[in-house]
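The values are calculated or read from the model by the stated rules, or taken from the named source; none is laboratory data. Predicted model only: the values in this text are computed from it and were never measured. When we count neighbours, we look across all protein chains shown, and the Cβ atoms used for this are built from the backbone with ideal geometry, even at glycine. Ligands, DNA and RNA are excluded from the accessible area calculation, which covers all protein heavy atoms including side chains. Shrake-Rupley method; radii C 1.70, N 1.55, O 1.52, S 1.80 Å.
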Amino acid sequence: MLSTETKDPMTIDELKKLSPVKATSAENLLNTGTNFDQEPQTEVIDGRRYPKGMVAVGLKAGDKFALANVTETDHFYPTFSDLDYFPKPEPKKLQKPRFIGQNAALPGDILKTIFGTDDRKVYYSTAYPWRCVGRVETALGFGSGVMIGPRHLLTCSHIIDWQANNQTGWLKFTPMYYNGSAPYGVANGIRTYYMFKVSGPTIDGTEAKFDYTVVVLDKPLGNSTGWMGSKSYTDNWDGQQVWTHAGYPADLTGTQRPTYQTGIALDGDSGTSDDAEYMAHKADVYPGQSGGPFWGYWAGQPYAVATQSAQNANYNTASGGSDLAGLVNKARTEFP
């Protein structure tokens, strides 16, 4: 058990009082390369070459033996990176018009859910922890995710191309992707740990509790980006406006640039245990942000508690709980 487990996350006002931290050594990008003997095998799909799919490893909900009752995993802040609690906005010369109009409808007449003023801000930052967030690409489209270990990605389950015989389709992850740039390289998924195979376009109440996966990557990008910790969400934090979310929305930036929002309140499902639950919220989201983390700060360090999952006309939902932290721990333990 780590010392931050039962404490409340820092408030936004407390974060504002903290000073950014400057790097204490030179940036080293050598660790973005593969440490393994061979490049991933590829296959041709519709005339394009992709990495081969991943092995899928499923765990049962509430399997405490497999999840080891873990409620927290550690973070890593690389001292060759700046640390900033609020990222720098993108330069004005790089700003572009909204990719999709605010009142546009999604396929199936699913309206996007921006509650009141759109509070998302486009950013460009190579500071920690912002450099840990990136864009996910699979055969199903684009999503978001975050480095949660040396070569471990936390994202949503419904972006995974689930296939038969414990296999999935290909996945690529680019941390701090920005208009085609990949400052820390690109990695391919080789193994996916999951609690539930969630498939869209709709998500039911059970799926909403488990809409997250941990993907083992073929390159240790986290050695360069750093990674966030993970933590079990507790309903004791309901209503506290302390969470930050980041991701790659299709409407605002066409999934080409990341956005963030702070001061978000989550509301856990009081009818279920803290092991696995969905959290309602009214952060501004749109497809593409799915899989992006919700995180708070303890002692000035970031811990993810949930991933963006779904949206409807009344509220949006994120997925998390102590099983999320247990899944992260299992993936990191078996494939360090």
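Before moving on, here are some points about what is shown:
- A simple spin-label model places the labels of residue 69 and residue 167 4.0 nm from each other, with each point 7 Å out along Cα-to-Cβ.
- A Förster radius of 41 Å, combined with the Cβ-Cβ distance separating residue 202 from residue 79, puts the computed FRET efficiency at roughly 0.35.
- Candidate residues 159, 203: accessible-area rank, largest first, probe 1.4 Å: 203, 159
- Solvent-accessible heavy-atom area per residue, rounded to whole Å², over the range 221-291 at 1.4 Å: 24 Å²
- Take each peptide in 165-171, 193-199, 249-255, count the other Cβ atoms within 10 Å of every residue, and average; sorted highest first, the result is 249-255, 193-199, 165-171.
- Magnitude of the charge dipole for the chain, about its Cα centre and with charges confined to Cβ atoms of Lys, Arg (+1) and Asp, Glu (-1), is about 1080 debye.
- The DSSP beta bridges internal to the chain are antiparallel in roughly 90% of cases.
- Here the sum of -39500 (n - 2.57) over DSSP H runs of 4 or more residues, divided by the residues of the chain, equals -2000 deg cm²/dmol at 222 nm, to the nearest 500.
- Listed residue (254, 150, 297) projecting farthest to the positive dipole end of the chain, Cβ model: 254
- Between the range 254-298 and the range 126-188, the alpha-carbon centres lie 17 Å apart.
- Ordered by solvent-accessible area of protein heavy atoms (1.4 Å probe), largest first, the residues 128, 177 come out as 177, 128.
- Computed label-point distance, nm, for sites residue 52 and residue 238 using a 7 Å Cα→Cβ extension: 4.8 nm
- Exposure ranking of 221, 140, 94 by accessible area [1.4 Å probe, largest first]: 140, 94, 221
- In the range 187-336, the portion of solvent-accessible area held by carbon and sulfur atoms comes to 45 percent [1.4 Å probe, whole percent, DNA, RNA and ligands not counted].
- Between residue 273 and residue 312, the modelled label-to-label distance comes to 2.6 nm, taking each label 7 Å out from Cα in the direction of the beta carbon.
- Surface composition of the range 113-180: carbon and sulfur atoms hold 43% of the protein heavy-atom accessible area at a 1.4 Å probe.
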